[in-house]
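Notes follow the structure.
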Protein chains: 2
Amino acid sequence: MTTHSHDHAPVAAAPAASVEPGSVGLVQPRRVELFAPPAELELVSGARLGPVTVQYETYGQLNAARDNAILICHALSGDAHAAGRHAPEEREPGWWDSAIGPGKAFDTDEHFVICSNFLAGCKGTTGPSSPDPATGRPWGIRFPMVTIRDMVSVQRGLIDHLGIPRLLAVAGGSMGGMQALEWAVSCPDRVEAIIPIATTWRLSAQGIAFNEVGRQAIYADPNWNQGDYYAGPSPDAGLAIARMIGHITYLSDQSMHRKFGRNLQGKSNYDYSFATEFQVESYLRHQGEKFIQRFDANSYLYITKAMDYFNLGEGFPSLRASLGRLRAKSLLIGFSSDWLFPPAEMRAIANALRGNGADVTYLEIHSDAGHDAFLLETAGITRAIRPFLRCAHTELRRRREVSL
Amino acid sequence: MTTHSHDHAPVAAAPAASVEPGSVGLVQPRRVELFAPPAELELVSGARLGPVTVQYETYGQLNAARDNAILICHALSGDAHAAGRHAPEEREPGWWDSAIGPGKAFDTDEHFVICSNFLAGCKGTTGPSSPDPATGRPWGIRFPMVTIRDMVSVQRGLIDHLGIPRLLAVAGGSMGGMQALEWAVSCPDRVEAIIPIATTWRLSAQGIAFNEVGRQAIYADPNWNQGDYYAGPSPDAGLAIARMIGHITYLSDQSMHRKFGRNLQGKSNYDYSFATEFQVESYLRHQGEKFIQRFDANSYLYITKAMDYFNLGEGFPSLRASLGRLRAKSLLIGFSSDWLFPPAEMRAIANALRGNGADVTYLEIHSDAGHDAFLLETAGITRAIRPFLRCAHTELRRRREVSL
């Protein structure tokens with residue numbers, strides 16, 4: 001199998017001089033078309049979908065043994081651009097640049113790191129804003145409903161395409177952690193280790209509730225128009241409200257207090273008006289406004305539904321029983337002030353795995369940064385991830401030697 | 001001063017036979033007009049407002065010494081109808097019927113209990129849906145911004161009108177607790193005791209954030225029309241979303257899990273569609289739909305802003321210094337799973353008062369009901385409130401005897 005054979009763009013090696021220390025440098029997004037009919041992807045819902053375009057990026061080099069590949073899974077609003085820059089003038093590097101690069105948690109001197117935009121996204125991978133092959137017009141909400149397992153199936157298609165027999169690790173925070181867990185459960189032979197961070201084994205009632213209110217805000221926007229808005233104005237107001245709700249859940253009460261407290265926005269006295277009084281109001285509005293520039297409202301609907309459906313325990317008498325299929329070595333990381341995916345849920349996974357005799361490490365990092373800590377507590381996660389990956393790599397090699 | 005002189009309706013004594021045990025029976029809402037020009041209410045913002053119509057109810061009898069009056073303050077979506085029924089066929093009794101009545105926490109055999117709809121409300125007291133005397137048309141957002149202190153000023157006007165020199169107690173949960181604290185701080189000579197429940201001394205950044213997202217949902221509804229919607233369709237969609245957001249914060253993760261878990265709504269398998277899948281989604285939508293039947297969106301804006309502005313510590317070097325003015329005997333009640341107004345904030349108030357040598361009791365009730373516990377944990381609050389009020393009453397009488 002030839003790797004990259006159907007890719008639209010070659011990997012661009014950045015000139016060494018322009019690379020910041022610890023950065024993977026310039027990267028080029030790549031695209032591949034998978035699941036072309038008649039080999040469509042069979043979704044959990046029973047629907048079939050194909051072809052599926054997958055946008056992805058890679059950092060570092062796949063070694064000759066093809067045993068150093070790590071898949072990074074992104075969260076709700078993320079994309080395939082996890083590290084480096086697309087152009088020298090790009091203001092912000094990829095979303096997990098703090099963790100991916102030479103000498104970083106996911107060390108690109110040693111590992112071949114892959115990140116792809118997930119199914120139903122709006123960053124290059126097929127989703128509700130993509131053209132429906134049957135009509136040539138955007139799918140809208142005629143796009144089939146997808147689950148975390150379906151997202152993993154598409155990622156497995158990409159890993160097959162890249163010619164990787166077994167991933168060294170699958171890692172991700174939040175919804176990315178759900179994908180890491182799903183990988184270990186539904187493809188136990190294809191993954192050596194998983195690193196689920198700030199996540200859960202099933203979305204809670206409160207999590208579903210927050211998602212539903214965000215969706216209701218989108219449905220209530222007249223521009224949403226039952227999802228058919230691609231030829232007209234977008235449901236920006238609704239999507240911004242959904243994002244603002246989300247943002248409150250990503251921070252903690254403490255971090256909001258530390259960041260904003262009751263500070264006023266650019267004034268020393270109240271206006272006693274409906275204009276912005278407090279910094280925290282201004283912050284939220286700004287988050288909403290930024291988000292609508294870069295995200296598709298229908299994708300937001302599909303992605304939050306995929307989270308809602310996520311439940312590894314479904315059909316099993318206990319969490320422990322449901323994780324019996326999980327054979328990967330696991331490093332679980334939780335954060336003390338995360339109330340969206342509370343550390344107690346991570347501990348429950350760790351205890352269930354331990355009960356099954358699995359190789360599991362649970363690290364709880366004390367942080368007041370809330371759910372967002374998975375993107376911020378770089379030092380803590382790096383200290384845990386580097387030795388874990390080294391150990392996983394050694395074990396993967398030993399196992400291969402034994403089987404030869 | 002003649003009590004009730006400007007009242008629109010006399011107290012209707014319910015026929016004894018129709019009264020349920022422990023119920024105050026049939027009650028009649030009352031209205032009084034206060035702050036008629038030129039004696040307008042001077043608001044914290046500097047604006048003047050008058051006349052102000054106040055809707056209120058009373059339960060039990062004011063005694064000859066006029067020393068058994070308790071003011072109950074309601075929360076965001078409450079009203080003056082705290083106990084009993086307006087008609088025998090009324091489905092639900094007043095919002096705190098579990099705590100007000102013969103033999104209950106606020107025992108109407110002993111006490112004269114008053115509850116009034118607060119300023120800027122939409123349940124009979126002057127607010128943004130009331131006619132602006134200058135134009136005869138609803139105020140909309142031309143209504144002046146009000147604060148918790150302004151709400152208390154209107155309540156003090158009512159207490160003056162009722163001829164009550166000193167309240168035995170002011171009690172309330174959530175925003176009602178803010179009013180109780182404000183009473184003790186701004187009218188220290190008019191209140192013997194306060195019972196702030198599940199509240200805080202200042203709204204946190206997270207609290208402001210949730211309020212702001214709710215307001216943004218209302219602003220984003222095209223029917224809101226800058227607050228001028230009284231002649232046309234109401235901004236129901238926006239108000240429903242604001243209410244849904246609020247409802248998530250009133251419950252706890254645990255109580256949502258206990259009530260709904262991941263139970264499906266009227267089916268045993270997923271539809272994989274945007275129709276309601278989970279019970280918790282259906283519950284939230286229902287809460288939103290119920291709320292728009294009975295609440296005014298502009299009132300929601302004004303009331304959440306009043307919460308935002310609430311900060312007893314403002315202008316003081318410490319919470320303890322700011323509470324130096326507070327001389328009332330205090331019973332503070334917090335609930336372990338309340339994350340909107342976490343018990344730590346109640347403890348901070350109690351510690352500050354203790355530091356000032358004030359007479360304070362803090363009770364933390366273990367409950368998984370979240371913020372809503374203040375309406376649900378009746379047994380626990382009753383056990384604390386009854387002896388506290390008895391003791392406060394004894395002290396009020398002793399003090400009066402000493403001063404005679």
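Structural descriptor for the stretch B:257-402: relative contact order 16 percent, calculated from alpha carbon pairs under 8 angstrom and at least 6 residues apart.
In terms of modelled amide H atoms, which long-range or inter-chain residues lie less than 5 Å from the amide H of residue B:362? For residue B:362, whose amide H was placed from the backbone, the distant partners under 5 Å are B:332. Here the relative contact order of chain B, from alpha carbon pairs under 8 Å that lie six or more residues apart, stands at 16 percent.
Once you reduce the stretch A:261-280 and the stretch B:311-388 to the center of their Cα atoms, the two points are 27 Å from each other.
Sorted from shortest to longest, the distances between the residue B:395 label points of this copy and the other copies are 6.3 nm, with each point 7 Å from Cα along the line through the beta carbon.
Across identical copies of the chain, residue A:357 has label-point separations of 6.9 nm, listed in ascending order, with the point defined 7 angstrom from Cα along Cα→Cβ. The value of relative contact order for the stretch A:207-307, using C-alpha pairs under 8 Å at least six residues apart, is 30 percent.
DSSP beta bridges confined to the protein assembly as shown are antiparallel in about 35 percent of cases.
For chain B, adding -39500 (n - 2.57) for each run of n ≥ 4 DSSP H residues and dividing by the number of residues yields -11000 deg cm²/dmol at 222 nm. Checking the Cα-Cα distances for A:290/A:329; A:305/B:290; A:305/A:329 against a 27 Å cut-off, the pairs over it are A:290/A:329; A:305/A:329.
What separates the residue A:383 label point from its copies, with the point 7 Å along Cα to Cβ, is 4.4 nm, written shortest first.
Read-outs: derived from the displayed coordinates by stated rules, not from any lab. Treat the numbers as computed from the prediction; the structure is a model and nothing was measured. Methodologically, a virtual Cβ is constructed for each residue, glycine included, from the backbone with ideal geometry; neighbour enumeration extends over all protein chains shown.
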